[in-house]
Amino acid sequence: MLEIKNLTFEADDGKKTVKIIDNISLSVPDGKFMVITGPNGGGKSTLARLIMGLEKPTEGQIIYNGTDITDMSVTDRAKLGIGYAFQQPPRFKGMTVRKMLSIANGSELSEKECCNFLAKVGLCSAEYVSRELDNSLSGGEMKRIEIATLMARKPKLAIFDEPEAGIDLWSFSMLVETFKNIQRTSSGTTIIISHQERIMNLADEMVVIAEGKIRKSGEKTQMLADLMCEFSSTPRCIRAEN
């Protein structure tokens, strides 16, 4: 279980100190598929980076399976089984897809094993195994390769920061199918930062973060209904609010 206790993160914008995360507490049980959503600039991605250790909180604790990881390095968190997929995946000229998948897996993978991971994210696998992670790959291809890399690692807790950002509709459709497969087959915990309704529909639970605080949280069906009503002026929603 992931437990976030009274977490606060402050940053200096050059003029004053701003609270990006403001005293957030949240529990994510093992095996859950959680989507965190909310307006841009609300603190969602910062929370993901704090969980992974890419940022250090000003106050509060992060507990994972009973261990306080608040001050742990990214490497030590990874050793505990926490994985992270960036909003903009890094590119590594000279690093092949096969090599990256093998590093993630912790052992040398055969071409067939690499192809199996790539097939799960909708890539024509044989064409990609020997390709380099450089600018010859599109944003959508990089996103799917990064997800395949995370799958090769088999993390106990996988965090995806806005996986839909900057990709085309075809790649997005493939991403949704990939996450459907993860939801069906993975026994681990998944946290996705996303604005997309199709991804929200996969969630067990949802959390809305705005202005650094948890605005609401709960089971997906009710949360989606509430969010749809919030942005709707239909008579049914207006009557329900009254």
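Only the coordinates and a few stated rules stand behind these numbers; no lab work does. Please read all numbers here as calculations on a predicted model, not as lab measurements. Reconstructed Cβ throughout: ideal geometry from the backbone, glycine too, with neighbour counts over all protein chains shown.
Full extension of the chain between S27 and I103 yields a length gain of 24.3 nm, computed as 0.36 nm times the residue separation minus the alpha carbon distance.
With a simple spin-label model that places each label point 7 Å from the Cα along the Cα-to-Cβ direction, the separation between S73 and Q87 comes to 2.6 nm. Each of W170 and M1 was given a label point 7 Å from its Cα along the Cα-to-Cβ line. The distance between the two points is 4.5 nm.
Applied to segment 145-155, the Karplus parametrisation 6.51 cos²θ - 1.76 cosθ + 1.60 on θ = phi - 60° returns per-residue 3J(HN,Hα) values of 5, 5, 5, 4, 5, 5, 5, 5, 6, 6, x Hz, with x for Gly and Pro. Report, ordered by chain and residue number, the lysines lying within cross-link reach of K79, taken as a straight Cα distance under 20 Å and ignoring same-chain residues fewer than 8 apart. In chain and number order, the partners are K56, K99, K154, K156. Restricting the count to DSSP beta bridges whose residues both fall in the chain, what percent are antiparallel, rounded to a multiple of 5? Close to 60 percent.
This model, with +1 at the C-beta of Lys and Arg and -1 at the C-beta of Asp and Glu, gives the chain a dipole about its Cα centre of some 280 debye.
Adding -39500 (n - 2.57) for every DSSP H run of four residues or longer, then dividing by how many residues the chain holds, sets the calculated 222 nm ellipticity at -10500 deg cm²/dmol.
Restricting segment 74-169 to GluC sites (Glu not before Pro) that sit in a DSSP loop and have at most 14 other Cβ atoms within 10 Å of their own Cβ leaves E108. With K and R counted +1 and D and E -1, the other residues having a Cβ less than 10 Å from that of Q61 yield a net charge of -3.
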